[in-house]
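First comes the structure, then the notes that go with it.
Nothing in this text is a laboratory measurement; each read-out follows from the coordinates by a stated rule. The structure presented is a predicted model; accordingly, all values stated were derived computationally and were not measured. Reconstructed Cβ throughout: ideal geometry from the backbone, glycine too, with neighbour counts over all protein chains shown.
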Amino acid sequence: MEYVALVAIALAIAWWWISRAKVTVHPVAMMTTRIVFPGGIHLKDHERSITHLRNPEEIVIPFEHAVLVIDYPLTTAATISIDAPIHEGFTRVDLIKQIHECYVHVYEAEEETATRKTLPLEERKHTTNRNRTDGVYGIWGHDLTDLVVTAARWTRMRDGTIRIELHVES
C-alpha cells in the first residue's frame, strides 16, 4: 500500500513539473533538396524546354510560398517572393514559369534603372557578351537569351522561409 501511495505522489509531482515547464520548439532547417533540369531550361525559349520535361506536374517544392534568389549574372542578387498556384506547392512546370517570369522582371528592372544601357548585339565590338549596366542589379556578361537553368535547390530556413537558389549557365 505504501508503494502505491509513493508511486501516486511521484506521478503527481512529475505531472505538476511537466505542466509548468516551458517548452521551446526551435524550427529546424530541412535538408537541402536539389531539383535537376536535364538538358537545362533555356530562358529564351522556356516553353519549348517545358515540353521536354519528365514529370512536369510532380510537386518538387511542397510549400506554397518561397523566396527565389537570382544571383547570376547579377552584381547585386535579387530576392523575390513567389507563390505556388496550388496549396500543395510548386510543380516542376510552375517553378520553371516562376523562374522565367522573375528573370524577365529582373532584366526589365535593370534596363529601367540603368543610366549605362545595354549595347545592342550588333554594336558590341570585340565580344558578343553583354556589357555591364549600372541599374539596380548591375547585370554583366550575359543577355537573358544566353541563360540556361540547369538546377534549383531549396532549403527550409530556421525561420520557416523556403529559399530557392539556382544553378545557371550560359
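Which entry in [x] 24.9, 98; [y] 16.3, 51; [z] 15.6, 48 is this structure's computed Rg and Dmax of the Cα atoms in Å? The value computed from this structure is option [x]. Would you check the chain for Lys pairs whose C-alpha atoms are within less than 27 Å, ignoring same-chain pairs closer than 8 in sequence, and give me the count? Final tally of qualifying lysine pairs is 5.
Ordering GLU122, GLU111, GLU165 by the number of other Cβ atoms within 10 Å of each residue's own Cβ, fewest first, gives GLU122, GLU111, GLU165.
May I ask what percent, to the nearest 5, of DSSP beta bridges between residues of the chain are antiparallel? Antiparallel bridges make up about 90 percent of those DSSP assigns within the chain. Every helix of 4 or more DSSP H residues in the chain counts as -39500 (n - 2.57), and over all residues that averages to -9000 deg cm²/dmol at 222 nm.
Using Cα-Cα distances under 8 Å and only pairs 6 or more residues apart, what relative contact order does the chain have, in percent?
Over the chain, the number comes to 29 percent.
Amide H to amide H, with H built 1.01 Å from N, PHE90 comes under 5 Å of VAL60, ILE61, PHE63, counting only residues 5 or more places away or on other chains. With R₀ fixed at 41 Å, the C-beta to C-beta distance from TRP140 to ILE18 puts the FRET efficiency at about 0.10. Computed 3J(HN,Hα) for the range 98-111, one whole-Hz value per residue from the Karplus formula 6.51 cos²θ - 1.76 cosθ + 1.60 where θ = phi - 60°, is 5, 4, 4, 4, 5, 5, 4, 4, 4, 5, 5, 4, 4, 5, glycine and proline marked x.
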